[in-house]
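The values are calculated or read from the model by the stated rules, or taken from the named source; none is laboratory data. Here the structure is a predicted model, which is why all the values come from computation and not from measurement. Every residue, glycine as well, gets a Cβ built from its backbone with ideal geometry; the counts of neighbours run over all protein chains shown. Protein only, heavy atoms only, side chains kept; ligands, DNA and RNA dropped before computing areas. Shrake-Rupley method; radii C 1.70, N 1.55, O 1.52, S 1.80 Å.
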Amino acid sequence: LNKRDVVESILTGKPRSPGRSGQAFAAANIALCKYWGKRDEELNLPLTSSLSISLRTHGTTTDIEPADADEYWMNGERLAPASPIFQRLKEYLDLFATETPLRVATQSNIPIGAGLASSASVFASVALALDRLFDWRLDRRALSILARLGSGSACRSIDGGFVEWRAGTDPDGMDSYGAPLPDRWPELRIGLLLVSKEAKSIGSRPAMKRTRETSVLYTAWPDQAARDLARLKEAIAGRDFVRLGETAEANALAMHATMIATWPPVLYWRPESVEAMRRVWALRDEGKAVYFTMDAGPNLKLLYRETDQAVVDGAFPGVETIAPFA
Ligand code: PMV
């Protein structure tokens with residue numbers, strides 16, 4: 001089965017001619033239990049389930065309208081057809097076989113390609129904007145599956161709050177999508193700590209593949225992911241922040257350990273990343289419940305409670321605060 005077949009099965013009986021325009025916003029999401037490793041490269045099907053929290057206000061707005069020729073814009077700049085992002089967007093939009101060329105403009109308020117989950121909000125907002133442009137009126141599950149075909153983690157950006165992406169077992173991936181948890185946790189805070197604006201050295205797709213193929217530590221990952229997912233769900237249900245923070249941080253470090261053990265090695269950390277980790281650990285030594293998580297990039301996302309805002313601002317000047325449930 002390929003992506004095109006999945007899209008066709010989802011769009012059976014749906015309108016195929018576009019309206020005048022479609023616009024949608026999708027927030028980025030940060031995994032507390034990471035998605036790392038695919039069981040199907042074509043359909044972006046994961047080996048393990050994952051759990052994320054939405055960045056609510058931080059993400060991507062996409063506008064799509066019919067045009068004379070395909071035209072892609074990102075943050076106000078027209079993408080050159082030879083650029084990798086243009087190619088990736090075109091490959092995605094071509095799945096929908098719309099016949100009408102499209103002008104697609106995405107506007108993100110998070111840095112692109114810095115390991116801050118920008119691809120998740122880009123593909124989720126493109127899927128949502130297409131749904132509006134063509135008036136498909138798809139349900140959340142179908143939209144999540146369509147977003148997943150653009151970028152795995154995008155399937156967790158159709159909904160807000162906590163979202164669980166169940167790995168599923170179907171070869172066609174129709175049971176692999178993001179589903180929101182009902183829990184709200186208004187005191188939770190996420191701090192975006194940009195330690196480096198350098199583009200990441202290697203994309204998550206090739207890095208995941210290399211990890212799966214060459215990292216001996218990856219054999220331990222499925223068990224850790226399953227255990228951490230269960231712990232996180234318990235922590236969320238019981239509003240146990242320390243358990244949430246400890247589990248998320250340990251999960252992120254374990255994911256990075258699998259990458260470091262690949263060959264050639266994958267290390268996203270910069271000296272500034274390690275320095276920031278040490279500052280988080282120093283805060284914990286002082287009894288402050290501040291934790292971090294990291295994705296495929298050098299930047300940290302801090303996890304803490306509203307009551308520790310001043311502590312975090314003091315230790316990390318310039319941190320950008322997000323209240324995921326406010
Ligand atoms: O969706 P992708 O291919 O960009 O992969 C995302 C992988 C991580 O961000 C490192 C982990 C995750 O679950 O978001």
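Taken over the range 226-239, the residue count meeting the criterion of being without any contact (Cβ under 8 Å) to a residue 40 or more places away in the chain and either assigned to a helix (DSSP H, G or I) or within 15 Å of the ligand (Cβ to nearest atom) (or both) is 5. Here is a check on your reading of the model: is residue 97 over 23 Å from residue 180 (Cβ atoms), of a type in the set (A, V, I, L, M) and free of Cβ contacts under 8 Å to residues at least 12 places away in the same chain? No, not satisfied.
Of everything in the range 10-38 that is in contact (Cβ under 8 Å) with a residue 24 or more places away in the chain and among the hydroxyl-bearing types (Ser, Thr, Tyr), the residue that is nearest to residue 66 (Cα to Cα) is 21. Got at least one residue in the range 240-262 being more than 21 Å from residue 55 (Cα to Cα), of a type in the set (Val, Ile, Thr) and free of Cβ contacts under 8 Å to residues at least 60 places away in the same chain? Yes, the range 240-262 contains at least one residue that is more than 21 Å from residue 55 (Cα to Cα), of a type in the set (Val, Ile, Thr) and free of Cβ contacts under 8 Å to residues at least 60 places away in the same chain. Filtering the range 26-45 to residues that are in a loop (DSSP other than H, G, I, E, B) and either open to solvent by less than 10 Å² (accessible area, probe 1.4 Å) or modelled with pLDDT under 95 (or both) leaves 34, 36, 37, 43, 44. Within the range 3-25, the set of residues being at pLDDT 95 or above, out of contact with any strand residue (DSSP E or B) (no Cβ under 7 Å at 6 or more places or on another chain) and polar (S, T, N, Q) comprises 9, 12.
Do we have any residue at all in the range 121-142 that's in contact (Cβ under 8 Å) with a residue 40 or more places away in the chain, part of a loop (DSSP other than H, G, I, E, B), within 16 Å of the ligand (Cβ to nearest atom) and crowded, with 21+ Cβ neighbours inside 10 Å? No, the range 121-142 contains no residue that is in contact (Cβ under 8 Å) with a residue 40 or more places away in the chain, part of a loop (DSSP other than H, G, I, E, B), within 16 Å of the ligand (Cβ to nearest atom) and crowded, with 21+ Cβ neighbours inside 10 Å. Just need a number here: residues in the range 46-69 that are surrounded by fewer than 24 Cβ atoms within 10 Å (Cβ to Cβ) and within 19 Å of residue 181 (Cα to Cα). Residues that pass the stated criteria total 4. Close contacts from the range 154-166, counting a first residue that is at positive phi and a second that is buried (at least 24 other Cβ atoms within 10 Å of the Cβ), with Cβ to Cβ under 9 Å and a gap of 6+ residues or different chains, come to 161/53; 161/54. Residues that are more than 12 Å from the ligand (Cβ to nearest atom) and of a type in the set (A, V, I, L, M, F, W, C) were ranked within the range 202-220; the one that is surrounded by the most Cβ atoms within 10 Å (Cβ to Cβ) is 217. Could you tell me which residue of the range 71-103 is nearest to residue 135 (Cα to Cα), considering only residues that are open to solvent by less than 60 Å² (accessible area, probe 1.4 Å) and of a type in the set (Phe, Trp, Tyr)? If we take residues in the range 71-103 being open to solvent by less than 60 Å² (accessible area, probe 1.4 Å) and of a type in the set (Phe, Trp, Tyr), then 96 is nearest to residue 135 (Cα to Cα).
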